[in-house]
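The values are calculated or read from the model by the stated rules, or taken from the named source; none is laboratory data. Values in this document were obtained by computation on a predicted structure and should not be read as measured data. Cβ coordinates were reconstructed from backbone atoms using ideal geometry, including for glycine residues, and neighbour counts include every protein chain displayed.
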Amino acid sequence: MPANIIDGKALAKRLREEFSIRVKTLQASGITPGLAVILIGENPASQVYVGNKVKACAECGVRSFRHTLPADTPETEVIALIGRLNADRDVHGILVQLPLPPHIDLRRVLEAIDVHKDVDGFHLYNVGGLVVGDSIFPPCTPYGVQLLLETTGLPVEGKNAVIVGASNIVGKPMALMLLQKEATVTICHAKTKNLAQHTIIADILIVAAGSPGLIVPQMVKEGAIVIDIGINRMPDGSITGDVDFKGVSQKASWITPVPGGVGPMTVTMLIANTLRSAERVAGQQEVLGEWEK
């Protein structure tokens, strides 16, 4: 029996409709949530991602401030810009689009962002906070995956969760979030031997390896929940994930498509974090959506 589809596009749409209502409530009190996006260089993919984020902000009524800098901008100028945005009351969230040019130190840039405006959740404080369950803003992609898992109605507690990909942005924070839900977590990476021996025991399989078609049906447990975070552009221009969707969907109980799965949720959770930041400023912490409680 084919797997149920976890529709990230539909969930993102529903959440953004809720966000629009919350934005209007804030505006009635004189505050419009604002997101500042810094794009350094002319990476085509980054330009598309930034455009999508700006568009999503507009849909929800969130104001966006786009700062596009040349690729050779000195690191000191980038950090100075972040300092000005930290002090700007109209800005509730700051995002620096990755990757950065090689001459700019990623860690210095991320640490320059005020932790209360780090809506990407990449600051060391927020990443470290995941260990004790006290992060101000969880990283957007793992945050979105968590909500997608909840839509299945299946418990995470006690399940074997296997994550393929150990990045600081997705894999590691995702593992910490699943640990908080009392799953038994395994992280696999490029050096993992016999990958299939790990993936075949997964009740929940989350793949973020950046390798098209890496996960094939014989690597997946019957009835597993499969979350495909991979986004790979093929030579013909099509987009595909890290999972053989056609084959794996015949074994999994639930699966995310690519596109239309995790991608829309990543952008949506960026807006969620920005909105929460503005509500914190407005003293409206109690105004939370059902999905946040």
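How many residues, within the range 127-138, are in contact with a Lys or Arg (Cβ under 9 Å, 6 or more places away or on another chain) and either of a type outside the set (A, V, I, L, M, F, W, C) or part of a helix (DSSP H, G or I) (or both)?
Kept after step one, since they are in contact with a Lys or Arg (Cβ under 9 Å, 6 or more places away or on another chain), are these residues of the range 127-138: 127, 130, 136-137.
Now restrict to residues that are either of a type outside the set (A, V, I, L, M, F, W, C) or part of a helix (DSSP H, G or I) (or both): 127, 130.
The number of residues fulfilling the criteria is 2.
Where residues in the range 219-248 are part of a loop (DSSP other than H, G, I, E, B) and more than 23 Å from the chain's Cα centre (by Cα), which of them is nearest to K9 (Cα to Cα)? First the steps, then the outcome.
Residues of the range 219-248 part of a loop (DSSP other than H, G, I, E, B): 220-224, 229-231, 234-238, 241-242, 244.
Remaining after also requiring more than 23 Å from the chain's Cα centre (by Cα): 220-223, 235-237.
Working: V220: 24, K221: 26, E222: 25, G223: 23, P235: 25, D236: 24, G237: 21 Å.
Only one residue tops the list, namely G237.
Residues in the range 69-89: is at least one surrounded by 14 or more Cβ atoms within 10 Å (Cβ to Cβ), out of contact with any His (no Cβ under 6 Å at 6 or more places or on another chain) and of a type in the set (G, A, S)? Within the range 69-89, not a single residue is surrounded by 14 or more Cβ atoms within 10 Å (Cβ to Cβ), out of contact with any His (no Cβ under 6 Å at 6 or more places or on another chain) and of a type in the set (G, A, S).
Considering only residues that are farther than 15 Å from A208 by Cβ, aliphatic (A, V, I, L, M) and touching a helix residue (DSSP H, G or I) at 6+ places or on another chain (Cβ under 9 Å), look in the range 130-158 and name the one that is surrounded by the most Cβ atoms within 10 Å (Cβ to Cβ). It would help to see each step written out before you state the result.
Within the range 130-158, the first condition is being farther than 15 Å from A208 by Cβ, and the residues that meet it are 130-138, 147, 150-158.
Narrowing the set further to residues that are aliphatic (A, V, I, L, M) leaves 130-132, 136, 147, 154, 156.
Then drop every residue that is not touching a helix residue (DSSP H, G or I) at 6+ places or on another chain (Cβ under 9 Å), which leaves 130-131, 136, 147, 156.
Numbers: L130: 21, V131: 12, I136: 18, L147: 18, V156: 19.
Within the range 130-158, the match that is surrounded by the most Cβ atoms within 10 Å (Cβ to Cβ) is L130.
Residues to consider are A166, A175, A161; find the one that is small (G, A, S), outside any loop (DSSP other than H, G, I, E, B), in contact with a helix residue (DSSP H, G or I) (Cβ under 9 Å, 6 or more places away or on another chain) and more than 19 Å from W254 (Cα to Cα). Exactly one residue qualifies, and that residue is A175.
Put simply, of H116, H67 the only residue that is farther than 30 Å from G223 by Cα and either touching a residue at least 40 places away in the same chain (Cβ under 8 Å) or among the aromatic types (F, W, Y) (or both) is H116. Among residues of the range 236-262 that are basic (K, R), those with a Cβ under 8 angstrom from a residue that is surrounded by 23 or more Cβ atoms within 10 Å (Cβ to Cβ) and modelled with pLDDT of 95 or more, sequence gap 6+ or separate chain, pair up as K251/V220; K251/A224.
Residue count for the range 2-44 satisfying the condition of being closer than 30 Å to F245 by Cβ, without any contact (Cβ under 8 Å) to a residue 12 or more places away in the chain and of a type in the set (A, V, I, L, M): 1.
Of the listed requirements (1) within 25 Å of M265 (Cα to Cα); (2) without any contact (Cβ under 8 Å) to a residue 12 or more places away in the chain; (3) over 18 Å from the mean Cα position of the chain (by Cα), R84 misses just one: (1).
Scanning the range 215-230 for residues that are within 13 Å of G165 (Cα to Cα) and either free of Cβ contacts under 8 Å to residues at least 24 places away in the same chain or touching a helix residue (DSSP H, G or I) at 6+ places or on another chain (Cβ under 8 Å) (or both) yields I215, I227, D228, I229.
Per-residue answers, yes or no, for (1) within 30 Å of A224 (Cα to Cα); (2) part of a helix (DSSP H, G or I):
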| position | (1), (2) |
| --- | --- |
| A10 | yes, yes |
| E17 | no, yes |
| V37 | no, no |
| R66 | no, no |
| E111 | no, yes |
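Candidates V37, V50, V54: the one that is in contact with a helix residue (DSSP H, G or I) (Cβ under 9 Å, 6 or more places away or on another chain) and of a type in the set (A, V, I, L, M) is V37.
Which one is nearest to E75 (Cα to Cα) among residues in the range 85-109 that are β-branched (V, I, T) and not in a loop (DSSP other than H, G, I, E, B)? If you could, list the steps in order and put the result at the bottom.
Of the residues in the range 85-109, the ones β-branched (V, I, T) are 91, 94, 96, 104, 109.
The next check asks that each one be not in a loop (DSSP other than H, G, I, E, B); those that pass are 94, 96, 109.
Details: I94: 16, V96: 13, V109: 8 Å.
Per the criteria, the residue is V109.
Right, V54: under 19 Å from C140 (Cα atoms), assigned to a helix (DSSP H, G or I) and hydrophobic (A, V, I, L, M, F, W, C) or not?
Criteria met by V54.
Among the residues of the range 247-258, those identified as surrounded by fewer than 23 Cβ atoms within 10 Å (Cβ to Cβ), within 15 Å of V207 (Cβ to Cβ) and not aliphatic (A, V, I, L, M) are G247, S249, K251, W254, P257.
Just a yes or no: is a residue in the range 117-126 exposed (fewer than 15 other Cβ atoms within 10 Å of the Cβ), over 18 Å from the mean Cα position of the chain (by Cα) and not in a loop (DSSP other than H, G, I, E, B)? Steps first, please.
Start the filter on the range 117-126 by keeping residues that are exposed (fewer than 15 other Cβ atoms within 10 Å of the Cβ), which leaves 124.
Then keep just the ones that are over 18 Å from the mean Cα position of the chain (by Cα); that gives none.
No, that holds for no residue.
Kindly establish whether D203 is crowded, with 23+ Cβ neighbours inside 10 Å, under 21 Å from G144 (Cβ atoms) and not aliphatic (A, V, I, L, M). So D203 fails the test.
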